2 protein chains.
Amino acid sequence: MNYNVPRMTRVESRAWLALITASELLPAALDSQLRRDAGLTHFEFIVTTVLRQADGNRLRVTDLALATNSTLPRLSKVVSRLEKRGLVERIADRVDGRSVNVVLTALGRRALIRAVPGHIDYVRRLVLDDLTEEQLVNLATALEPLVARLDPQHLYTLRN
Amino acid sequence: MNYNVPRMTRVESRAWLALITASELLPAALDSQLRRDAGLTHFEFIVTTVLRQADGNRLRVTDLALATNSTLPRLSKVVSRLEKRGLVERIADRVDGRSVNVVLTALGRRALIRAVPGHIDYVRRLVLDDLTEEQLVNLATALEPLVARLDPQHLYTLRN
DNA sequence: AATTTTTAGTTGCCGCGGCAACTACACGCT
DNA sequence: AGCGTGTAGTTGCCGCGGCAACTAAAAATT
């Protein structure tokens, strides 16, 4: 066998290590802040945020899945959880009998609105405040092609 | 209540969105490539890599946990899985009766060595090849303070 | 030396996400 | 109308990680 491996350069492995470490740790950190302060997982936060921005605070499950880079099963379960807590309602679609609309309730809206400031604050302290405008651009520019490749459907809609 | 939220600027939300999206999708992508091509999860890959670089291909469970930003329970379970497959062995420490040394077996070493080229290749295609040297530096520089904050112990040792 | 406290590691239970299987409805074709 | 194919969504089972509870051994305290 030929182990003629294309080794990484110093910078490459620095960047790569930072990226996988951040990817490993960031989701747990977000979950934990949001859970503690607002009783929501990060994914639930995203889902309710997307609903809030949607027309009539409602979206079909499939569209919600697309907008959140998620899968139908995952979303179906999250919606069930949120529904049990009254943050969201399932309403059968009048036009297409297969479709289900997920609607953010007033309670859900309030929960989200209460969660936002603390979360933004946390995000600022964790990442954004550190970076100059230029660094922010660089970061976005470096990551966007990666995201595009990771998300083959290019549905990456949260982008508001 | 006062919802005087510190809203994000355009760049901030671009950078933030790219970062959380990457964090959400990257780990699954790595797992899936490594699983398919080498039968290892990304975390198992990390663990075996750290062991391979360690003195005598062995490390105490606690040290392994520190080196991988992991917890003891998580690591204990991963080691059990790897042990079942013969990639790793548990050896009681001669000095401290509480400690367990995890040793990479020859089989484990071979499995890892087989996994590396394809993985590096994948990582290159996914991220690195896209970026100029300067962008790599920028990326690392932007993420490192974040990582430092996420990993309060600053044990972030994989760094070699 | 005996007792307490701390440290190392494992195990059980739970929650979450993935995949595959399934139901139900819609659409296309004849 | 009837049949097959495709689409929307849900559910069950599994694997993984977190936390808390536990065991066992070492260190510190008296």
Taking B:Ala148 in one copy and the same position in all the others, each labelled 7 Å out along Cα→Cβ, what are the pairwise distances from the first, in nm, shortest first? 3.3
Would you mind telling me which residue in A:Thr71, A:Thr132, A:Thr48 has the biggest mean-square fluctuation in a Gaussian network model of chain A, where springs connect alpha carbons within a distance under 10 angstrom? A:Thr132
Shielding of B:118-127 by partners, i.e. mean partner chain Cβ atoms within 10 Å per residue? 4
In whole Å, largest first, what are the principal axis extents of the Cα atoms in the range A:3-74? 56, 29, 21
How long are the three semi-axes of the equivalent ellipsoid for the range B:57-106, computed from the Cα gyration tensor as the root of 5 times each eigenvalue, in whole Å, largest first? 15, 14, 9
Partner chain Cβ atoms within 10 Å, averaged over the residues of B:51-64 - can you pull that number for me? 0
Other copies of B:Ala92: label-to-label distances in nm, shortest first, labels 7 Å along the beta-carbon direction: 6.5
Only helical DSSP H runs with n ≥ 4 go in: add -39500 (n - 2.57) per run for chain B, normalise by residue count and round the 222 nm mean residue ellipticity to 500 deg cm²/dmol. -21000 deg cm²/dmol
Cβ-based charge dipole, chain B, positive-most Cα from B:Pro27, B:Leu146, B:Ala38: B:Ala38
What per residue convex hull volume, in Å³, comes out for the protein assembly as shown when only alpha-carbon positions are used? 164
Under 13 Å, Cβ to Cβ, from A:Ala115 - net charge with Lys/Arg +1 and Asp/Glu -1: +2
If the viscosity is 0.692 mPa s and the temperature 37 °C, what translational diffusion coefficient in µm²/s does Stokes-Einstein give for the range B:28-123 when Rh comes from Kirkwood over Cα pairs? 245
Just checking the output field for B:22-32: average partner chain Cβ neighbours within 10 Å of each residue's Cβ? 6
Report the one residue of B:Leu131, B:Leu107, A:Val123 whose Cα lies farthest in the direction of the positive end of the charge dipole of the protein assembly as shown (charges on C-beta: Lys and Arg +1, Asp and Glu -1; origin at the Cα centre). B:Leu107
Relative to the other copies, what are the label-point distances for B:Arg124, with labels 7 Å from Cα along the C-beta vector, expressed in nm at one decimal and sorted shortest first? 4.3
Rg(Cα)/(2.2 N^0.38 Å) for chain B, N = residue count: 1.25
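Every read-out reported here was derived from the displayed coordinates using simple, explicitly stated rules and does not represent laboratory data. Note that the structure is predicted; figures quoted are calculated from it, not measured. With ideal geometry, Cβ positions are generated from the backbone for all residues, glycine too; neighbour counts draw on all protein chains shown.
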